[in-house]
Amino acid sequence: MRLINAKTLEFDEFFDSQVPRYGILSHTWEKEEVTLRDMRKRPPSVTAKKGYRKVTETCRLALEHGLDWVWVDTCCIDKTSSAELTESINSMFRWYQQAAICFVYLSDLSTRDNLEVRLPACRWFTRGWTLQELIAPKDVSFYDKKWQPRGTKISLVNIINTITGISIPALKSESRLSRFSVAKRMSWAARRTTTRAEDTAYSLLGIFDVNMPLIYGEGINAFRRLQEEIMRKSSDVTILAWEDTESTWENTLFAPSPAGFTVHMVGVLGGRSTSSLYSDAHNTAQESSMTNRGWRIETRLLKLSDKSSGNLVYLLKLGVVWVQGVGETTVGITLEKVGPHLFTRQQRSLTIVLPTLYTIANPPLLTCRQNFFIARDAHDWENIEEFELHEIFTFPCPVEKAIPESYWDESSRIFYRSPQESLAFSALVTKTVEGLDLQLLVLIDQGLEVPKAYLLYPPKNPGLMEWFNCDKAAREPHSLSELTFQLGKDRPTLSEKIEIIVDGSPLWVSVRLVDNFANRGPFEHGSALGMGRRHYQVRLDVEYPRIDDLWTFGKEDGDGD
């Protein structure tokens, strides 16, 4: 760390425990700032600059506070060295945090200005870099354009809270920043700006206690990288609690900027005025990690029924509630299933679970906590090689339950299958025959070169139904041989055609898989039928046997005449 001697204006470098007590300057950059090179030479043209006076005034204040060293960002970093710049920016929050005192210079505040009127208009409160410079140090003193003291962070805490929306415990350093949700911390930066697009992300590294390399020239992608780093470190799902309905940003997982989190500061959600939008930092996924498939999280999804369309909606609750009056309403994002364990975000807005818009499905939650992925981008999942060969199975009839859950999309009545796996799918379906609803169990064996479907009648297979309804079956993928092995002596006889007695009369019900691969239309985003997937439709057919067929039905070949 390079510091300025407050008495001699000479530089010296210190490392780790050798760093002495020092004061630090926070300000907004203007014309005539001085660099490291300027301060080392200090010709008359440099000492006449406005930036030079900032340095000397900071040194004067430091000496008055019994400090011999100061740090000023304009001249204590060698910006010609990319390595030093990266190290400095990644260390800056800690440097402000460890300073004995931070002197805030407000160049647009006059000595006669009323603070309650004028302070909110000061440029210092609109800049991205000054957020960490306000939060990190415990002792902060404010000075006007004449370098006259105007108050401290503690004495002005209520005004600053109103201006910035930053929680008072955070301003007073009474709570660790990690106790505040990611969404809440993002909201503190929602109305701040930086000159370089990349600095929107780099100025927040310390707020989220992450480190990452600096790549000037990457533009808004820096903010995406910041969110990835946060996701690697934290399971706080409020990082997805953003709204952005105006930009052309195609990404669905990551917010384009902190402005997407404005709703957590001003209490405006989806165009509706709210009294409060509360983010709970402790409502997190049990486990999470960033992978090439997206953000993997372990949690449950809420199932909703959209009253306007009747469609089933998967909702990921974000640990955020909308508070209006005395009531609280769940807030989340809707997801679309596009493959086994894989979802994409459907909308760039948040969903408020209002009873006028949604009803809770039955059962309301997926029956088991799952590991699943939310794709980084709306189209990222299309580029995952394994999905190009997926087979899918659709059901035209109502499905009461299907297992394993992670391969089943209830909203579209689709089973997904990866070619690397030989799985068996089971679905309890309802087939209406002559006004009666028959429950049938369809088994699909994908361990064959050409998948095959079998049909079972639940009343004749109680052991199978007991297994089918257990949580383990819903949670763990299985092959058909594993399924039948678990059933032991209750192992059913698999057939594509079964006999059922209805009102004393027999009928046959059969199942078949119709390959619709050649019949599909062009791929559309969000459609599970795209990307060259082989698409099978499950068909159930009912036959009424002729009188001369009744005696032979169900017998093995060769039995009887």
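Of all residues in the stretch 436-450, those that are open to solvent by 10 Å² or more (accessible area, probe 1.4 Å) and modelled with pLDDT of 80 or more total 6.
Residues that are open to solvent by less than 30 Å² (accessible area, probe 1.4 Å) and either out of contact with any helix residue (DSSP H, G or I) (no Cβ under 8 Å at 6 or more places or on another chain) or on the phi > 0 side of the Ramachandran plot (or both) occur at least once in the stretch 30-41. For the stretch 534-549, taking the residues that are at pLDDT 85 or above and among the acidic types (Asp, Glu), the one that is most open to solvent (accessible area, probe 1.4 Å) is identified as 543.
Of all residues in the stretch 144-187, those being assigned to a helix (DSSP H, G or I) and hydrophobic (A, V, I, L, M, F, W, C) number 11. Scanning the stretch 51-67 for residues that are out of contact with any Asp or Glu (no Cβ under 8 Å at 6 or more places or on another chain) and either among the aliphatic types (A, V, I, L, M) or open to solvent by 70 Å² or more (accessible area, probe 1.4 Å) (or both) returns 53, 55, 60, 61, 63, 64, 65, 67. A single member of 223, 254 is open to solvent by less than 10 Å² (accessible area, probe 1.4 Å) and not in a loop (DSSP other than H, G, I, E, B), and it is 223. Residues in the stretch 68-90 that are part of a helix (DSSP H, G or I) and either of a type in the set (D, E, K, R) or loosely packed, with under 15 Cβ neighbours inside 10 Å (or both): 82, 83, 84, 87. The residues listed here are 317, 401; of these, the one that is surrounded by fewer than 21 Cβ atoms within 10 Å (Cβ to Cβ), modelled with pLDDT of 85 or more and farther than 30 Å from residue 541 by Cβ is 317. One residue stands out in the stretch 226-242 among those that are open to solvent by 20 Å² or more (accessible area, probe 1.4 Å) and assigned to a loop (DSSP other than H, G, I, E, B): the one that is farthest from residue 351 (Cα to Cα), namely 234. Checked against (1) open to solvent by 60 Å² or more (accessible area, probe 1.4 Å); (2) at pLDDT below 80, residue 384 meets all criteria but (1).
The values are calculated or read from the model by the stated rules, or taken from the named source; none is laboratory data. Predicted, not measured: the structure shown is a model, and the values here were computed from it. When we count neighbours, we look across all protein chains shown, and the Cβ atoms used for this are built from the backbone with ideal geometry, even at glycine. Protein only, heavy atoms only, side chains kept; ligands, DNA and RNA dropped before computing areas. Shrake-Rupley method; radii C 1.70, N 1.55, O 1.52, S 1.80 Å.
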